[in-house]
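The values are calculated or read from the model by the stated rules, or taken from the named source; none is laboratory data. The shown structure was predicted, so the numbers you read here are calculated from the model rather than taken from an experiment. Ideal geometry is used to build each Cβ from the backbone, glycine not excepted, and the neighbour counts take in all protein chains shown. When the accessible area is computed, the model is the full protein with side chains, heavy atoms only, and any ligands, DNA or RNA have been set aside. Shrake-Rupley method; radii C 1.70, N 1.55, O 1.52, S 1.80 Å.
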Amino acid sequence: MAKLKVKKKDRVIVIAGKDKGKTGEVTVVLPAQNRVIVSGINMVARHTKPSQGNPQGGIVRREASIHISNVAHVDPKSNKPTRVGSKMVKDEKVRFARKSGEVID
């Protein structure tokens, strides 16, 4: 299992698939499956049966996971896709956008 460069609350852009070009915030990272869940991206319709928690039932729209290779970080300066690098700043390891050099966190 490789180390993922995407973390929760990162702004990402979809670079492949039906939602190509859309941006959103990572809400869940699933490292075992190499997948992420991004807010407002890859929406699917779930047909739910009535239950105690949801007595009405019906069709519920929610986000499905998307493979990590289909998303890229958004450059804070240009709002374009970028790769991420890491460097030491004042004895602290920080992530930065490769395109602009801007520190991500």
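Quick rundown of the values:
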| item | result |
| --- | --- |
| Those residues of the range 80-105 which are of a type in the set (A, V, I, L, M, F, W, C) and under 16 Å from K7 (Cα atoms), in sequence order | V84, V94, F96, A97, V103, I104 |
| Single residue of the range 63-79 satisfying the filter (within 15 Å of R11 (Cα to Cα), part of a loop (DSSP other than H, G, I, E, B) and in contact with a strand residue (DSSP E or B) (Cβ under 7 Å, 6 or more places away or on another chain)) that is least open to solvent (accessible area, probe 1.4 Å) | D75 |
| Count - residues of the range 80-104 that are in a loop (DSSP other than H, G, I, E, B), out of contact with any Phe, Trp or Tyr (no Cβ under 9 Å at 6 or more places or on another chain) and in contact (Cβ under 8 Å) with a residue 12 or more places away in the chain | 5 |
| Any hit, the range 56-63, residues being of a type in the set (A, V, I, L, M) and farther than 16 Å from E25 by Cβ | yes |
| Residue match in the range 49-62 (condition: open to solvent by 30 Å² or more (accessible area, probe 1.4 Å), within 20 Å of K9 (Cβ to Cβ), part of a strand (DSSP E or B) and not β-branched (V, I, T)) | yes |
| Matching residues in the range 16-34 - criterion: being surrounded by fewer than 18 Cβ atoms within 10 Å (Cβ to Cβ) and either touching a His at 6+ places or on another chain (Cβ under 8 Å) or in a loop (DSSP other than H, G, I, E, B) (or both) | A16, G17, K18, K20, G21, K22, P31, A32, Q33, N34 |
| Filter result for the condition that a residue is open to solvent by 30 Å² or more (accessible area, probe 1.4 Å) and out of contact with any Leu (no Cβ under 9 Å at 6 or more places or on another chain), over I104, I37, I13 | I104 |
